[in-house]
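Contents: one structure, followed by commentary.
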Amino acid sequence: MSGFPLYRFPVVVLRELFQQLSLPEIFNISICSKKSQGNVEFLMRKGKSLEVGLNATENCMISVQRNEEHFHVKVAEFSELREKPEVTTHVSINGESVTVAIIGQTLFVTDKKRVLKEVTKHVLKVFRCQLQEARIGNYCSSHIPTWVVDLINEQQGPIESLWVDAKNPSVKDISHLFTKAKVSDELICLFEYTSKGPRPAIKMGKMSMKRFDNHSSSWMTIEHMLNLSFETGTLSESSFKSKDLSRFLEHWMAGGCDRLQELCIETEGFINYSEMLRGIEHELISPDDIRTYNSKVYKNTVGICGGTQIRRRSDGRIARLVNVGTLSKSFSLVVFE
């Protein structure tokens, strides 16, 4: 193709031609040179029909989907090859010359973490699209690649879905995540946090999304909770006390976390419901009063028998605390229309 005068065609014709090319073909043309990248960016229509996902875990891969077509670019290091590659070549990735060995859809390079960042920028520019989903971190490592959060903020508005994994990540990384990340649909925190000693001083800004899941919540304080606004939330292994949950109920009744539909919190100790509800206007509901709702947490229709009902002062919306007995480590709140 290098000897064919491709770019002498009219722009309208070239743009139509590029729509017929496969995703790998477009990518391969774009890495031939810095000029090729610029030409592809100019000719590509804005990728509204594209879905792009970044896997900044041990896999180091970016995926692009267009209707039923899937394209994956994986980045690995030369050291992961059993034998030294017979052929290497220089390609232009985001305007930078990089030495690579290309095997299938995998780029073997010297520093995969650095190159993955440049490949991600390259793909977003070439296909004129945004990231919809990112999975970052590795359950075997304490490092969270926070550069992904910074890249999203530089390139676009909120990302739809962000999954984070790590083992005992640093206070700096977690604070960066919760002060800088902008997520519209779901933030899933899979990272394990088992560090002993005083609770770390993790910073959190105001965050709003549809779904928030935290699989290891012992580091969270009630102040963190009051900074969050979501529709559904699940928190496992939290260290919240009865007085903390009481503060959250007061916060909701005063208009806080106004998107809330369903919240499930698992606590390390037993919840004292009498202490939690002290000073809060509430109504005990008969066990014969059964109310059903479509649970987004359990992905099923769920019935609530009785419980404790509270009302939000700002708009009159009601919520029901599920009755789970006097000795419970579970806090479940459902908001009705």
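Among the residues of region 308-324, those identified as in a loop (DSSP other than H, G, I, E, B) and either touching a residue at least 60 places away in the same chain (Cβ under 8 Å) or surrounded by fewer than 16 Cβ atoms within 10 Å (Cβ to Cβ) (or both) are ARG312, ARG313, SER314, ASP315, GLY316, VAL324. Would a scan of region 199-217 turn up a residue that is within 29 Å of the chain's Cα centre (by Cα), under 15 Å from PHE331 (Cα atoms) and part of a strand (DSSP E or B)? Yes.
Name the residues in region 20-62 that are among the aromatic types (Phe, Trp, Tyr) and either touching a Pro at 6+ places or on another chain (Cβ under 8 Å) or farther than 21 Å from ALA101 by Cα (or both), would you? Within region 20-62, PHE42 is the sole residue that qualifies.
Between SER92, SER97, SER79, which is touching a residue at least 24 places away in the same chain (Cβ under 8 Å) and more than 21 Å from SER161 (Cβ to Cβ)? Explain how you work it out, then say what you get.
Details: SER97 fails: touching a residue at least 24 places away in the same chain (Cβ under 8 Å); SER79 fails: touching a residue at least 24 places away in the same chain (Cβ under 8 Å).
None of the others qualify; the one that does is SER92.
Does at least one position in region 169-191 carry a residue that is within 16 Å of the chain's Cα centre (by Cα), part of a strand (DSSP E or B) and in contact (Cβ under 8 Å) with a residue 40 or more places away in the chain? No, that holds for no residue. Among the candidates VAL100, VAL148, VAL126, VAL115, the residue that is under 13 Å from the mean Cα position of the chain (by Cα) and either within 29 Å of MET44 (Cα to Cα) or surrounded by fewer than 16 Cβ atoms within 10 Å (Cβ to Cβ) (or both) is uniquely VAL148.
Yes/no per residue for (1) of a type in the set (D, E, K, R); (2) modelled with pLDDT of 90 or more:
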residue	(1), (2)
ALA134	no, yes
VAL148	no, yes
ASN153	no, yes
ILE159	no, yes
VAL164	no, yes
SER175	no, yes
LYS182	yes, yes
PRO200	no, no
LYS203	yes, yes
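In a residue-by-residue description of region 275-283, the property of being at pLDDT below 90, at negative phi and not acidic (Asp, Glu) applies to no position. Screening MET253 on (1) aliphatic (A, V, I, L, M); (2) out of contact with any helix residue (DSSP H, G or I) (no Cβ under 8 Å at 6 or more places or on another chain); (3) closer than 28 Å to GLN155 by Cα shows it passes everything except condition (3). All conditions in (1) over 16 Å from the mean Cα position of the chain (by Cα); (2) over 23 Å from ASN227 (Cβ atoms); (3) not in a loop (DSSP other than H, G, I, E, B) hold for SER142, with the sole exception of (3).
So if I check each of SER236, SER242, which one is closer than 26 Å to ASP185 by Cβ and either of a type in the set (Ser, Thr, Tyr) or modelled with pLDDT under 95 (or both)? Talk me through it step by step, then tell me what you get.
Details: SER242 fails: closer than 26 Å to ASP185 by Cβ.
SER236 is the lone residue from the list that is closer than 26 Å to ASP185 by Cβ and either of a type in the set (Ser, Thr, Tyr) or modelled with pLDDT under 95 (or both).
Pairing each residue of region 108-130 that is over 13 Å from TRP147 (Cα atoms) with any residue that is among the small types (Gly, Ala, Ser) and crowded, with 21+ Cβ neighbours inside 10 Å, provided the two are 6+ apart or on different chains, yields C-beta distances under 6 Å for VAL126/SER30.
Sub-7 Å Cβ pairs linking a first residue in region 1-28 that is surrounded by 13 or more Cβ atoms within 10 Å (Cβ to Cβ) to a second residue that is acidic (Asp, Glu) and modelled with pLDDT of 90 or more, at least 6 apart or interchain, are LEU23/GLU69, ordered by first then second residue. As for region 141-151, it holds at least one residue that is touching a residue at least 24 places away in the same chain (Cβ under 8 Å), of a type in the set (A, V, I, L, M, F, W, C) and more than 28 Å from ARG259 (Cα to Cα).
The values are calculated or read from the model by the stated rules, or taken from the named source; none is laboratory data. What you see is a predicted model, and the numbers here were worked out from it, not measured in a lab. Cβ coordinates were reconstructed from backbone atoms using ideal geometry, including for glycine residues, and neighbour counts include every protein chain displayed.
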